[in-house]
1. Determine, yes or no, whether ALA163 is out of contact with any His (no Cβ under 8 Å at 6 or more places or on another chain), open to solvent by less than 40 Å² (accessible area, probe 1.4 Å) and within 23 Å of LEU84 (Cβ to Cβ).
2. Restricting attention to segment 299-324, which residues are modelled with pLDDT of 90 or more, open to solvent by 50 Å² or more (accessible area, probe 1.4 Å) and not basic (Lys, Arg)?
3. Yes or no: LEU42 surrounded by fewer than 23 Cβ atoms within 10 Å (Cβ to Cβ), hydrophobic (A, V, I, L, M, F, W, C) and either modelled with pLDDT of 85 or more or under 29 Å from the mean Cα position of the chain (by Cα) (or both)?
4. Are there any pairs, at least 6 apart or on different chains, whose C-beta atoms fall under 9 Å, with the first in segment 12-31 and free of Cβ contacts under 8 Å to residues at least 40 places away in the same chain and the second of a type in the set (Phe, Trp, Tyr), and if so, which?
5. Any residue in segment 264-274 that is buried (at least 16 other Cβ atoms within 10 Å of the Cβ), part of a helix (DSSP H, G or I) and polar (S, T, N, Q)?
6. All but one of (1) surrounded by 20 or more Cβ atoms within 10 Å (Cβ to Cβ); (2) farther than 23 Å from ARG211 by Cβ; (3) of a type outside the set (A, V, I, L, M, F, W, C) hold for PRO285; which doesn't?
7. When residues of segment 45-89 are filtered for being surrounded by fewer than 24 Cβ atoms within 10 Å (Cβ to Cβ), among the small types (Gly, Ala, Ser) and either at pLDDT 90 or above or within 21 Å of PHE149 (Cβ to Cβ) (or both), how many remain?
8. Would you say VAL104 is of a type in the set (A, V, I, L, M), over 28 Å from the mean Cα position of the chain (by Cα) and open to solvent by less than 60 Å² (accessible area, probe 1.4 Å)?
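The values are calculated or read from the model by the stated rules, or taken from the named source; none is laboratory data. Bear in mind that the values here come from a model prediction, so they are computed numbers and not experimental data. Reconstructed Cβ throughout: ideal geometry from the backbone, glycine too, with neighbour counts over all protein chains shown. These accessible areas exclude ligands, DNA and RNA; they are computed on the full protein's heavy atoms, side chains included. Shrake-Rupley method; radii C 1.70, N 1.55, O 1.52, S 1.80 Å.
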Amino acid sequence: MLSLYLIPLLDFAGLMALSALFFVFVRRSVSARLTRQIVFGLILGMGVVAASLQPIMVVSGVQIDPRNLFVGCAGAFGGPLAALVGFAIAAATRFAEETGHAHVCVLSLLLATVAGLVWRHLSRGVPDIKGKHFLALGLAISVSYVCTFLLPRESWWPILTTALPFLVSINIVGAMLVGGILERDQRRNQRERHLSHQASVDPLTGLMNRRAFETLYATLTRNPVSSGTACILIDLDHFKKVNDTFGHAVGDRVLVSVSRRLRATIRDADIAARFGGEEFAVCLPGADKTQTAIVVKRIREAIAAVGTTELEFGVPVTASVGICWSEVPMALDAALEVADRALYRAKMSGRDRMLFGNSGDGAGKTSAGISRPAARPAQREPLAG
């Protein structure tokens, strides 16, 4: 008896594995959530059709195949819309077969679908889904076979003793197989997102780093708006003295506090980054020159408040700011060079101030005409103090 059902079991296991691989492909390539659910439902619905074309057996006039597993997995892994699509295909297929007791089988499919959705809801709060959870899914789907008792009484014993053990086994194997494949892919995606996050975020302040700023700047300025764009460099004044006087722990607290206030001060559409040391960069897309000046004023006030309200030592914290504003966004290298020259003039003029740069300045010269080597932004070190 075992050898008789082994080949069908392997066939259906292969079909479920193939469905899971299609799941993975769709999850990676389709970003729209509703579209993804519909495609999931179609994939498992086609699995139902394939399963109905190769029934395992016919017992007491009832065709035995594991289509309940497909609709249950549609609800568990695809969501409500996938469950609806999968169930609709399964029910239509069952009625199209024109065999007896179709209404009982459709009710069983409905219970399997609901079981998958309930499992999905209950598993949302589980941080680490393991094999035992997929085992529970297989058993939950198998509860749908309680509809056997809606069949004529003489069918109960043959189905319960002949078909049910096989169906429960394939539900468990299929749920664990599909769940295992999808869970491994989900963990791989999480690891990739975590690594990507680490590569783009400054670990101390939580702001994006320079690489991420460069990437996002290119995206934000690809479709410029008419108001203009500002690229801003912010450098904390005399920060080395803070570290030397109060220690690096206090210096780190200053950087973290400045970063937090910087995020709170700018708009949602703006971007901020820590370039290294005590230097920060901000991009204000869609901001005219007056709006830029207002935002920078708020930033400087927020930074000054760090030393007086957040640190018990009363550490003086001020910042010099260089601004590149242009109606049409400039290439980042050029914008940073203009902002860097303005920042240099602000430092030389006594610090604790903001200055706009001239986008028409020649490379390597300040507005005063004094030669200053123009290092590329990727190589430039932050101004000391």
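1. No: the conditions fail for ALA163.
2. Once the filter is applied, which keeps residues that are modelled with pLDDT of 90 or more, open to solvent by 50 Å² or more (accessible area, probe 1.4 Å) and not basic (Lys, Arg), segment 299-324 yields only GLU301.
3. For LEU42, the condition - surrounded by fewer than 23 Cβ atoms within 10 Å (Cβ to Cβ), hydrophobic (A, V, I, L, M, F, W, C) and either modelled with pLDDT of 85 or more or under 29 Å from the mean Cα position of the chain (by Cα) (or both) - is met.
4. If the second residue must be of a type in the set (Phe, Trp, Tyr), the pairs left are LEU15/PHE70; PHE22/PHE40; VAL26/PHE40.
5. yes
6. Answer for PRO285: the failing condition is (2).
7. Total satisfying the criteria: 4.
8. yes
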